[in-house]
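The values are calculated or read from the model by the stated rules, or taken from the named source; none is laboratory data. Just so it is clear, the structure is predicted and the values come from calculations on it, not from any experiment. Cβ sites come from the backbone with ideal geometry, for glycine too, and all protein chains shown count toward neighbours. All accessible areas refer to the heavy atoms of the entire protein, side chains included, with ligands and DNA or RNA removed. Shrake-Rupley method; radii C 1.70, N 1.55, O 1.52, S 1.80 Å.
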Amino acid sequence: PWSTFIPPPWSIFAPPLTEAFAINDASEVVGYSSLQGVDIEDAFLWTQTGGMQNINAIGGDTSSLAYSINGLNQVVGSVFSSSGVSADAFIWTQNRGLKLLRAGPSSAALGINANGEVVGVTGSEPNAFLWTIGRGAQNLNALIPPNSGWVLNRASAINGSGQIVASGTINGQTHAALLTPTN
């Protein structure tokens with residue numbers, strides 16, 4: 001049997017529109033919330049001791065979504081322009097706040113591992129990306145053999161070994177992919 005996930009006081013104080021996307025081993029939850037009738041969503045971090053904390057440090061009339069959290073409380077997601085037309089991938093920490101990853105136009109950071117390596121999607125013709133502190137954002141298609149037949153559109157998660165789960169097309173057919181670093 002499962003117990004109800006949302007413990008008090010969150011169940012009492014949660015805004016009308018709230019969606020959770022990820023949880024880490026410390027039971028810290030990330031997602032987004034917005035007030036009913038308001039078109040702005042704000043990324044949040046929820047902890048048992050601190051409750052729900054807004055992590056959209058951009059402010060103003062921008063919206064944000066938090067998609068993943070690692071064990072070091074590093075949160076990744078997307079912050080949207082006030083028009084909602086474009087988005088930028090971000091990484092957020094309690095000490096440093098929100099940093100845009102400059103992964104490309106219309107980007108979203110979807111996964112982060114314990115090493116702070118981030119994966120996601122960017123572009124109107126989507127491409128999967130990998131972001132690291134040392135190298136910044138790299139198109140994953142440039143990191144796989146050029147004759148593989150793959151076009152990687154989205155990277156969703158990365159583990160501590162650097163393995164990435166992604167989706168894309170191979171020879172015109174949509175498939176899931178597991179990428180394993182060779183070096």
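Out of the residues in the range 84-102 that are under 17 Å from residue 164 (Cβ atoms) and touching a Leu at 6+ places or on another chain (Cβ under 9 Å), which is least open to solvent (accessible area, probe 1.4 Å)? Top of the filtered list is 89. Scanning the range 91-115 for residues that are part of a strand (DSSP E or B) and in contact (Cβ under 8 Å) with a residue 12 or more places away in the chain turns up 91, 92, 93, 97, 98, 100, 108, 109, 110, 111, 112. When the range 80-96 is filtered for residues that are modelled with pLDDT under 90 and under 15 Å from the mean Cα position of the chain (by Cα), the ones remaining, listed by number, are 80, 87.
Among the residues making up the range 121-167, those that are free of Cβ contacts under 8 Å to residues at least 24 places away in the same chain and on the phi > 0 side of the Ramachandran plot are 123, 149. Filtering 109, 176 for residues that are modelled with pLDDT of 95 or more and surrounded by fewer than 13 Cβ atoms within 10 Å (Cβ to Cβ) leaves a single hit, 176. Look through the range 28-52, keep the residues that are in contact with a Phe, Trp or Tyr (Cβ under 6 Å, 6 or more places away or on another chain) and open to solvent by 20 Å² or more (accessible area, probe 1.4 Å), and return whichever of them is modelled with the highest pLDDT. Filtering first and then ranking leaves 52. Just wondering, is there one or more residues in the range 1-23 that are outside any strand (DSSP E or B) and at pLDDT 85 or above? No, every residue in the range 1-23 fails to be outside any strand (DSSP E or B) and at pLDDT 85 or above.
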